[in-house]
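Read through the structure below, which is laid out as structure tokens, and then see the notes.
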Amino acid sequence: MPNLLRRTVLCATVAATLVAAPLVTVSTAVANPAGTGLVISEAYLKGGSANAFYKEKFVEIANPTATPVSLAGWSLQYRAAGSTGNFSVSALEGTVPANGTFLVSMAGNGGANAVGADLPTADDTASINPSGTTGTLALSDGTGALALPAGPVATGTPGVVDLLGYGASNTYEGAVRTVTGANSEPNGLTRTGTTDTDVNGTDFSVTAALTPTNAAGETGSADPTDPDPTDPGTPAGPAEAVTIAQLQGTGTASPYVGGRVVTEGVVTAVYATGGLNGYTVQTAGTGGTVDLATHDASDAVFVYSAATAGSVSIGDAVRLTGSVAEFNGLTELEVASTADVERLPAAGVVQPVPATLTLPRTDAERESLESMLIAPQGDYTVADNYTTNQYGEIALAAGTERLVQPTEVARPGSPEAAAVAADNAARKVVLDDGASTNFLSAANQSIPVSWLTQGPVTVGAAATFTHPVVLDHRNDSWKFQPTTPITGATPAADLPASFSDVRTPAPEAVGGDLRLAGFNVLNYFPTTGDQLTGCTYYTDRDGDPVTVRGGCDARGAANADDLARQQVKIVKAINALGADVVSLEEIENSARFGKDRDAAVGTLVAALNAATGQDTWAYVPSPATLPASEDVIRLALIYKKDRVAPVGESTILDDPAFVNARQPVADAFRPLGGTADDDFLVIANHFKSKGSGTGENADKGDGQGASNADRVRQAQALAAFSTTEQAKYGTDKVFMLGDFNAYSEEDPMVVLRDAGYTDLGPAVDSTEYSYVFSGLSGSLDHVLASPAALETVTGVDIWNINSTESVGLEYSRHDYNVTDLYRDDVYRASDHDPILVGFETAATEAPGDGETPGDGETPGDGETPGPGPGTTPTPGPGTGQAPVAPDASSLTEADRGGITAPASARAGGTITVGVGAALAGQRISVWLYSDPVLLGTEVVAADGTVRVTIPVGTTAGAHRLAVTTTDGSLVGWTDIRIDPATGSLAFTGAELTGGLAAALLLLASGAGLVAARRRRAAHTA
């Protein structure tokens, strides 16, 4: 029995599902017998079978008119011969030329062993898999699944442009077209010319003279492939009796592919609805404790059989007869009818039990468990939820860590990066919903989306399995399938897994008397699409515009209602940050719409102030000198008026390096009541995205994406700009922040690191990331500090409220499914996470000197207040005494204490050392051994930590950190590895080793760096 629709995760399909837009302005045809519309002109559905002409199946569409016809918004659909359910749908795109043909290819039978010649280049590829001998094909002028009754289809039936019922189909035009022979008999169906009498039996004939022709007029003609010679005196025998393990075999494919077998097993999962059209059977008594060293063949198999899936139940003992096939790496037993299913007595049958084991790391080990019942053991972490709102699937990482972008922790193209990528692959598995449902398609939007309806599923959350699953392989991924299909209507108690709540209502405390943040506002455009002409839109399930798709310069909300949904999230998130200065990326450049350049940022500031109920925020005005050419989005700086004030006019870097990016903007700020010594410079950035580039900017395949050369030039220009602005504003305390569109170990970040700046995220908050792409976590967003600024930093937090949440929560995805996931809270206000930095100003005296460290009274800052006026921290013992280094011999295992520090650090980097809250307010010294080097004498913060910097000249290798009180008493010690401080760029061919040892150490210790998938074709700007 052939396979029906399998889910294809293609960007083009998704786009066609959301909004179908014609590629060219052409007329569309309507079904009629007069031959004036598109028709199915040829169908070859036995491709890849024994003796086949071609490896692939195909449908040829003919246009008898003098006008080209766009297929945008059209689809090719299929339904099994005896079915009365909805058709399976594959969206089409492209144009059928006037008086020409259009070739649509489909996967052939036999998988990697498909027989036949190659087709001429197809104009489109369909994901349906029609039977070679019996079924119903339909050409539709829509993408909704057809729901036709059995019997003849009347001319003019809505949605039906042309229909072909063949073999023993119950649905047809006029009369069914019979088919000659099984799949091994090479022939197809062809129409005489383009005449359409709406009688399949008359219009089509069976032929061995096939001429697949694409839109370019290229055609093919192939002879059947000669079969292997056989003894003509030996007739084909009956189905061969095999065990399921024999059927599966020990390799990637069954040794019985193409053969007919009979086997026995117990039904362990049933997918009669949802599109998988089958069930799994497993050998009785198998499962439980499995030794992968000796278990080399699976004891279960997926039975593809729409005809019988509804007639079996979990626990049934059955004897099955069918054909063995491989479908995209999944071994299947194809059972044609209920006549091939024999129920066996239940008495004496030992039910299979779930195999209890952690996720195997290799494909070979997973192959040995394919389709078996599994009770997953160990920890699992949500790595990706990008397609959860569409396909009900969640990428998981085995272990407690996410999957991570290799170039976040290792240099591009390095062996260390390859090791991270290999670890990602070894730890990834997809938790699915037992169905191929597209919850965003018109046919399925009324079905509550799986998983997200029951509650948030956040990247980084722990997944706990409470019911067994089936280890499945689909869409080039290993998957955990529930034993029956689930949807959003499934009670939470019946789901196979639950997820921990890792959301935080506010950022972590970062200390300091001032705080700085970067926030990407996701194309915040008060100029909505309905204010302009020519805009096209993405629409919700009611057809209402939600966000601009194209046709005009606007990039944001479609109308005021949509803007209000977007704005409330952004406002709540920024106000909850507790920051005093915020850089904004992806905000509207209002000058492009004939308005004041600052109109959009002014609108946002007004909304922020309305939410606080007072005149809290202001924006830095645009300077008098502007670049001659700017993007439609820009950068902006906003600040709290009662905390800081700009020092002079802002400056925009007008440099050729930023011709394809947003020009950086800089301004210095001074705390209210401060002096010039307190000034600090802020430079906002948004580098070129990774999505496009040619020549030297082409994607080199090293993990850095396209336009890396341009981003390197932008980093170089930024470093020079910073030097100039420091002189202009009279301060060497510089914070450069924003969306650099580069992960932490990529070339642009190395340029800035080598220029003397410290990337605060990896240095201080290396366990969190600002972005998730293709299921892999990493930071495209950074805050870099100059040496002078670094000395003032007290803490850093990446607040995971955006990148870790489902895209379905965005304002722009409102009402796409019957489950409306939108809430007016901070979660998924953008697709990038904000980064918050705390720092001290020169005006604040060092703690322990009898002065008050900050006013502790700032309202709404989201931080724990410091001591109020009149509250004096108690000086630690020994204040003013010279620190005394402990003897190295005292650093014994018994004296480790509870000291914590990063496992590794880069020379020149700043680290956080934990000594315990019991020492809060006391002064301690931190030493680096072998030779004792004093890293610093600091007052312990309330959270029990101090921050120290590793000297640039520190020898790379293993060291120890020791902590003493000021009288020389040992508090404790811990191990640390120091990596080199500098290196050169990957694209120059030279090496850079900094940070790589840390990545390898994590892998070797089993910490498991993890990364997850995202469907988008390229990183967004």
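The values are calculated or read from the model by the stated rules, or taken from the named source; none is laboratory data. Owing to the predicted nature of the structure, the values given are computational and were not obtained by experimental measurement. We place every Cβ from the backbone using ideal geometry, glycine too, and count neighbours over all the protein chains shown. Side chains are part of the model used for accessible areas, which takes the heavy atoms of the whole protein and leaves out ligands, DNA and RNA. Shrake-Rupley method; radii C 1.70, N 1.55, O 1.52, S 1.80 Å.
Given (1) open to solvent by 10 Å² or more (accessible area, probe 1.4 Å); (2) touching a Gly at 6+ places or on another chain (Cβ under 9 Å); (3) within 18 Å of G703 (Cβ to Cβ), identify the lone condition not met by D384.
For D384, the exception is condition (1).
Residues to consider are R549, R597; find the one that is of a type in the set (D, E, K, R), open to solvent by 10 Å² or more (accessible area, probe 1.4 Å) and modelled with pLDDT of 95 or more.
R597
Regarding V179, is this residue at pLDDT below 90, touching a Leu at 6+ places or on another chain (Cβ under 9 Å) and buried (at least 21 other Cβ atoms within 10 Å of the Cβ)?
Yes: the conditions hold for V179.
Just checking, how many residues over the range 817-832 are in contact with an Asp or Glu (Cβ under 7 Å, 6 or more places away or on another chain) and either outside any loop (DSSP other than H, G, I, E, B) or crowded, with 24+ Cβ neighbours inside 10 Å (or both)?
2
With respect to the numbered conditions (1) assigned to a loop (DSSP other than H, G, I, E, B); (2) out of contact with any helix residue (DSSP H, G or I) (no Cβ under 8 Å at 6 or more places or on another chain); (3) closer than 27 Å to A72 by Cα; (4) touching a residue at least 40 places away in the same chain (Cβ under 8 Å), which one is the sole condition not fulfilled by S184?
Exception for S184: condition (3).
Which of the following residues is at pLDDT below 95 and more than 29 Å from G85 (Cβ to Cβ): A293, A239, A245?
A293
Can you tell which of A443, A435 is open to solvent by less than 10 Å² (accessible area, probe 1.4 Å) and under 30 Å from G142 (Cβ atoms)?
A435
Looking at (1) crowded, with 19+ Cβ neighbours inside 10 Å; (2) within 17 Å of H473 (Cα to Cα), find the lone condition where V404 falls short.
(2)
Which number in (1) under 21 Å from I633 (Cβ atoms); (2) open to solvent by less than 20 Å² (accessible area, probe 1.4 Å) marks the one condition that A668 misses?
Single failed check for A668: (1).
Taking the options A618, A624, name whichever one is crowded, with 17+ Cβ neighbours inside 10 Å, farther than 16 Å from I683 by Cβ and touching a strand residue (DSSP E or B) at 6+ places or on another chain (Cβ under 9 Å).
Just one listed residue meets the conditions, A618.
State which residue pairs qualify: first residue in contact (Cβ under 8 Å) with a residue 40 or more places away in the chain and assigned to a loop (DSSP other than H, G, I, E, B) and inside the range 625-641, second residue of a type in the set (G, A, S) and open to solvent by 10 Å² or more (accessible area, probe 1.4 Å) in any location, beta carbons under 8 Å apart, and separation of 6 or more residues or different chains.
Close Cβ pairs (under 8 Å, with a partner that is of a type in the set (G, A, S) and open to solvent by 10 Å² or more (accessible area, probe 1.4 Å)) amount to E630/A591.
It is to be established whether one or more residues within the range 719-742 are under 30 Å from the mean Cα position of the chain (by Cα), at pLDDT 95 or above and more than 20 Å from I798 (Cα to Cα).
No, the range 719-742 contains no residue that is under 30 Å from the mean Cα position of the chain (by Cα), at pLDDT 95 or above and more than 20 Å from I798 (Cα to Cα).
Can you name every residue in the range 446-456 that is over 19 Å from the mean Cα position of the chain (by Cα) and crowded, with 24+ Cβ neighbours inside 10 Å?
none
One line per residue, one yes/no per condition, for (1) hydrophobic (A, V, I, L, M, F, W, C); (2) modelled with pLDDT of 90 or more:
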{"site": "P64", "(1), (2)": "no, no"}
{"site": "S70", "(1), (2)": "no, yes"}
{"site": "Y78", "(1), (2)": "no, yes"}
{"site": "L92", "(1), (2)": "yes, yes"}
{"site": "T95", "(1), (2)": "no, yes"}
{"site": "N113", "(1), (2)": "no, no"}
{"site": "G116", "(1), (2)": "no, no"}
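Among the residues of the range 898-936, which ones are within 20 Å of A788 (Cα to Cα), without any contact (Cβ under 8 Å) to a residue 60 or more places away in the chain and open to solvent by 30 Å² or more (accessible area, probe 1.4 Å)?
Residue satisfying the conditions is L934 alone.
Checking the conditions here, which among G705, G674, G648, G693 is out of contact with any Ser or Thr (no Cβ under 7 Å at 6 or more places or on another chain) and more than 16 Å from K728 (Cβ to Cβ)?
Only one candidate qualifies: G705.
Report the residue count in the range 675-708 for those that are under 21 Å from the mean Cα position of the chain (by Cα), modelled with pLDDT under 95 and over 28 Å from A419 (Cβ atoms).
Matching residues across the range 675-708 total 1.
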